[in-house]
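I have placed the structure first, in the form of C-alpha cells, so that the comments after it can refer back to it.
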C-alpha cells in the first residue's frame with residue numbers, strides 16, 4: 001500500500017532544511033523498499049515547527065516536527081509510515097491548538113493540498129467560485145464582492161467591490177487585472193505562502209475579477225526577493241493554460257482570460273500601486289499623481305484593478321459561499337478574516353488566519369508564547385515598516401482596522417513583529433527614517449529630503465547633540481512628511497517614529513539629559 | 001576584469017541585441033530585458049545600455065534611469081556567491097545586526113565584494129521568512145535561523 005507523506009516545498013520550510021529532509025526520506029524509503037508517495041505541500045504556517053512533515057493515516061494527517069535530515073532514520077524505525085510515536089510526534093496536525101483555534105478561509109487549502117494539482121485544488125473547493133461567477137453578469141459579481149465587505153488586504157483596506165465597480169463602469173477597449181505580489185512590508189509573508197502553497201486560488205481570483213470588470217488580461221507583479229514564489233506562479237499559470245482555466249475558453253465558457261507573471265527588481269516603493277504600474281510599463285518605479293485613479297487610468301492608461309494577493313485569493317470563497325458567509329465573520333467595519341503574520345522575537349511565529357477581533361495580546365502571548373529569548377516583550381510593531389511600535393499597554397487592542405486607527409496605528413498587511421526588552425526604540429526610529437530614505441522614489445520633496453534629514457536629526461538626538469531642540473524638530477518634520485508626501489511611504493514614516501517617541505520616550509530622554 | 005571571474009560571461013553586443021529583441025513582444029519589456037541581461041552576464045554592462053535603448057526606441061537616459069532606480073541591477077560583476085542579508089525589523093529582533101558584524105570581522109562586508117571575488121554581500125529588506133529569522137538569500141536560495149557559522153559554511157563552499 002502506498003503511504004502519502006507531506007513534506008513542505010514552501011521556501012521558508014526549505015530555508016530550514018525541508019529539502020534535505022525530502023532527500024533523506026526518499027533515500028530511506030528506497031533503502032527499506034517502502035512504497036511512499038511524497039507530496040510537496042505548502043506550509044501550514046506553523047513555522048516554529050518547520051520542517052513539519054505529515055503522514056496520511058486512518059486517524060488523519062499526523063505531524064512530526066521540527067524534523068532534521070538526521071532524524072529520518074529514527075522516524076522510519078519508529079514506524080513513521082503508520083504514524084508511529086516518536087519524540088517529534090505532534091499528533092493530528094489540525095488538532096494543534098495554534099491551528100485548531102484559527103478560521104482558515106483564504107488559507108483553507110494552504111499546506112493541505114498539492115499546490116500544483118488542479119484536481120486536488122478542485123477536490124478542496126477550488127473553482128466552485130469561478131463557476132458561480134461564470135453564471136452571473138458582471139454587476140452580480142461586483143455586488144457579491146461589495147456585500148461581502150472584503151477590503152483590500154494589501155494594507156490600505158479599501159473596499160474591493162467599490163474599486164471593481166469603478167473599473168466595470170469605465171469604458172475602454174482594454175482593461176487589466178493586476179495582482180500586487182510585491183509584498184515588501186517587513187514582517188509579512190502571507191502573499192508568499194499563498195503563491196507557493198495555493199497558487200490556483202490567486203489565479204482563480206484574478207479570472208473572477210476579470211469577469212467582473214470586463215478585463216481579459218492580468219499581470220502578477222512579484223517581488224524579486226521571492227524567486228520561489230515567482231517560479232511556482234509561473235508553473236501554476238502553465239498548468240492553468242493547459243487545463244483551460246486560462247486562455248480563450250475559460251472552463252469551456254467561451255470567455256477569455258490570460259495572465260503573465262512579472263518580476264520586480266528590488267524596490268519597496270513598487271508595492272505602491274501606481275509605482276507598480278510604472279514598473280510594469282518598464283519605467284522607474286516612481287509614483288503617479290492621483291487622480292486619475294488606476295481604476296480609471298491605470299496600466300498603459302487603461303482602467304485597471306490593482307489588488308493584493310490575499311484579496312484576490314479570498315474572492316473565490318466569497319463567490320462560492322456567498323457574501324454573507326464572509327460578512328458574518330469579523331467585527332464592526334472589518335468583515336471577514338485577516339491573515340496575521342506573527343514574527344520577530346517570538347516563540348511560535350507563523351500565519352494566523354482568524355476573524356477580525358482577536359486582541360494583539362492574544363496574538364503575541366497565546367499564539368506566540370511571548371518572546372523567543374524568554375525575556376519580557378517590550379514592543380510590538382504592527383503593519384510593516386511604516387506601522388507603529390506599541391508598548392504592553394496597547395496590547396489589548398482588538399485586531400481590526402478601526403481599533404488600530406483610533407489608537408494611532410494600522411494593521412496594514414497584517415504583520416506583527418515582536419521585540420523583547422533589549423530593543424532600542426531610538427534606533428528603530430532612526431531605522432524608519434533610513435529605510436524611507438533608501439526606498440523613497442524621489443518624486444516628492446517631503447519624503448526625499450525629509451527622510452534624510454529625519455535620520456540625521458535622530459542620530460543627533462542619540463548623540464546628545466541639542467537633543468531637546470532636535471526632538472521638537474523631528475516632530476515637526478514628521479508632520480510635514482505626513483501632510484506633504486504624495487504617497488504612504490513618506491506619509492506614514494511618522495508612525496514608527498512618533499510611536500517610538502510617544503510610547504518609549506525613555507529611549508530618547510536619557511540621551512536628551514546628556515547621559516551616555 | 002570579467003575574465004578573472006568564470007561565472008561572468010564576456011560582454012557580447014550581438015547577444016545583448018538579440019536578447020533584447022527576443023523580449024520586445026511583451027508589453028513593457030524593459031524590466032524583463034534587464035533581468036535577462038543580468039541573468040546572462042551577471043550584471044548590466046554600461047555598453048548594453050545604448051543597445052537596449054536603440055532596440056526599444058528609448059533614450060539612453062531613460063534606460064540608465066531604470067537601471068539605476070532598482071536595487072537589483074548590478075553595474076559590475078558580482079562575486080561567485082551572492083548573499084542578500086535581510087536587515088528588516090523581524091530579523092533585527094532576532095539579531096541580524098550581530099550576524100552582519102560577525103561576518104564583517106571575517107572579511108565579508110555589506111555592499112562589497114571580497115578581494116578574491118568569492119562573495120558579494122548586500123542588504124535586503126524582508127525576504128518573507130520573518131518567522132524563521134535571521135534570514136538571507138544565498139545564490140537565490142532562502143535560508144533561515146541563520147548563525148554566522150552557518151553562513152560562513154555556505155559562503156566557503158566552492
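Here are some notes:
- Here the contact order of chain A, divided by its residue count and restricted to Cα pairs under 8 Å and six or more residues apart, works out to 13 percent.
- Inter-label distance for residue B:21 and residue B:123, nm, one decimal - labels placed 7 Å from Cα along Cα-to-Cβ: 4.3
- For chain B, the spread of Cα positions along each principal axis, largest first, Å: 48, 33, 22
- Sorted by Cβ neighbour density within 10 Å, fewest at the top, the residues A:478, A:110: A:478, A:110
- Over the stretch A:441-516, relative contact order from alpha-carbon pairs under 8 Å, at least 6 apart, %: 35
- Sorted ascending by nearby beta carbons within 10 Å, beginning with the fewest, B:120, A:166, B:24, A:2 become A:2, B:24, A:166, B:120.
- Ratio Rg/Rh [Cα only; Rh per Kirkwood] for chain A: 0.99
- Proportion of all alpha-carbon pairs of the stretch A:73-116 beyond 15 Å (%): 57
- Two-site FRET efficiency, residue A:117 against residue A:248, from Cβ-Cβ distance with R₀ of 35 Å, rounded to 0.05: 0.90
- Where both bridge residues fall in the stretch B:81-155, DSSP classifies roughly 50% of the beta bridges as antiparallel.
- Taking every Cα-Cα distance in the stretch A:280-395 and sorting them into 5 Å bins from zero, the calculated P(r) comes out as 2, 9, 14, 16, 13, 13, 14, 11, 7, 2, 0 percent.
- Using alpha-carbon coordinates, inclination of helix B:13-22 to the longest axis of chain B, degrees: 90
- Pair residue B:156, residue A:147: separation of 7 Å Cα→Cβ label points (nm): 6.6
- Approximate spin-label separation residue A:456-residue A:509, in nm, with each point projected 7 Å along Cα-to-Cβ: 2.9
- Contour excess over end-to-end distance, with Cα ends at residue A:23 and residue A:365 and 0.36 nm allotted per residue: 119.5 nm
- Only DSSP H runs of four or more residues enter the estimate; each adds -39500 (n - 2.57), and after division by the residues of the protein assembly as shown the mean residue ellipticity at 222 nm equals -11500 deg cm²/dmol.
- The translational diffusion coefficient of the stretch A:151-224, from Stokes-Einstein at 20 °C and 1.002 mPa s with a Kirkwood hydrodynamic radius over alpha carbon pairs, comes to 161 µm²/s.
- On the basis of the beta-carbon distance and an R0 of 51 Å, residue A:393 and residue A:131 show a calculated FRET efficiency of 0.55.
- Normalising by residue count, the stretch A:361-516 has a Cα convex hull of 108 Å³ per residue.
- As computed over the stretch A:73-197, the Cα convex hull volume per residue (Å³): 183
- Relative contact order for the stretch A:155-295, counting Cα pairs under 8 Å that sit 6 or more residues apart, in percent: 24
- Diffusion coefficient (Stokes-Einstein, Kirkwood radius over C-alpha pairs, 10 °C, 1.306 mPa s) for the stretch A:3-100: 122 µm²/s, rounded to a whole number.
- Over the stretch B:2-69, all Cα pairs binned in 10 Å intervals from 0 give whole-percent P(r) values of 21, 58, 19, 2, listed from short to long.
- Per residue, the convex hull around the alpha carbon atoms of the stretch A:118-327 comes to 110 Å³.
- Spread of Cα-to-Cα distances over 5 Å intervals beginning at zero, given as percent, for the stretch A:207-340: 2, 9, 15, 19, 19, 18, 13, 5, 0
- Kirkwood Rh (inverse of mean 1/r, distinct Cα pairs), the stretch A:330-420, angstrom: 12.6
- Expressed as a whole percent, the proportion of Cα-Cα pairs in the stretch A:425-512 lying more than 18 Å apart is 32%.
All of the numbers you see were taken from the coordinates with simple rules; none came from a lab. Keep in mind it's a predicted model, so treat the numbers as computed, not measured. Note: ideal-geometry Cβ built from the backbone for every residue, glycine included; neighbour counts use all protein chains shown.
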